[in-house]
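The values are calculated or read from the model by the stated rules, or taken from the named source; none is laboratory data. This is a predicted model, so every value here is computed, not measured. As a convention, Cβ positions derive from the backbone with ideal geometry for all residues, glycine included, and neighbour counts pool all protein chains shown. Please note that ligands, DNA and RNA were not included when accessible areas were found on the heavy atoms of the full protein model with its side chains. Shrake-Rupley method; radii C 1.70, N 1.55, O 1.52, S 1.80 Å.
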Amino acid sequence: DFMKILKSLEELVYEVMVMLVFYPRTLWLTFRHPQRMMDYADTELGDVVSEQYNDTLSPPIFLMICLAISHVIEVAALGSNATAALPAFLRSTENLLGFRVLIFSLLPLVMSLRLLHGLKQPLNREALRTPFYSQCFVTAPLAMLFGISQSMRHLHIPYADEAATVLLVSTLGWYIRQQAFWFNAKLDVSKLRGWLIATLMFALTVVLIVLVALMFLLFFT
């Protein structure tokens, strides 16, 4: 049906153009009010599907776009060398982006599982969805800035390495701080315990990410 195809293309063009407006808005709000955005994700999932995230991007979409932007910057900085050291399976853009989405989605997943465990809630798809979406909001800037910091190390300009290290450490500090506040509020624990939980869960996720990456290397090389 030609008219249905046209209608689908019309909707696609509109959604793409809308993202150009709402992506920077979502990014700014996440940096400016990270805890408020995480609470916002909680409330939006209670709305009718057609009315969810009307004034921002959906958190998983936001995460994927941040990773895509990081990839574009990496390619611009490194050119053909961007994927030269990767296994053959990850040299295609689609596979590499899919792998990075998987890797960085482990952070929201582990943090969400820890929250449900702390709240003693039963583990099911719907219970997990709410904290996972909340976590995607703060994971997205981490994923993007992590990629940018690694690309900066390959730039042949003075102090590129030092600037990359400052950016990476600042981003990690910001991320763990948001997790500490989140656990402190959601689990009603002390600030110190919130920091301990956040740091431990982040370290655990890093170990898990390394294990998943090693599994991919074993299976696809």
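Under 8 Å for C-alpha pairs, at least 6 residues apart: give me the relative contact order for segment 1-126, rounded to a whole percent.
Across segment 1-126, relative contact order equals 17 percent.
Can you tell me which of 8-14, 176-182 comes out highest on packing, and rank the rest after it, using the mean Cβ neighbours within 10 Å? Walk me through the numbers on the way to the answer.
Values: 8-14: 10.1, 176-182: 20.1.
Per-residue mean Cβ counts within 10 Å order the peptides as 176-182, 8-14.
In the chain, helices alone account for a calculated mean residue ellipticity at 222 nm of -28000 deg cm²/dmol, with every DSSP H run of four or more residues adding -39,500 (n - 2.57). As a ratio to 2.2 N^0.38 Å, the alpha-carbon radius of gyration for segment 74-165 is 1.40. Quick check: Cα centre of segment 187-221 to Cα centre of segment 143-179, how many Å? Comparing the Cα centres of segment 187-221 and segment 143-179, I get a distance of 19 Å. For the chain, the per residue solvent-accessible surface stands at 58 Å², with DNA, RNA and ligands left out and a 1.4 Å probe.
Quick one: pull the percent of accessible area on the chain belonging to carbon and sulfur, 1.4 Å probe, ligands and nucleic acids left out. Let's see the in-between values first.
Working: 8830 of 12850 Å².
Accessible surface attributable to carbon and sulfur in the chain totals 69 percent.
On the principal axes of its alpha-carbon atoms, segment 157-221 has extents of 45, 39, 13 Å, going from largest to smallest.
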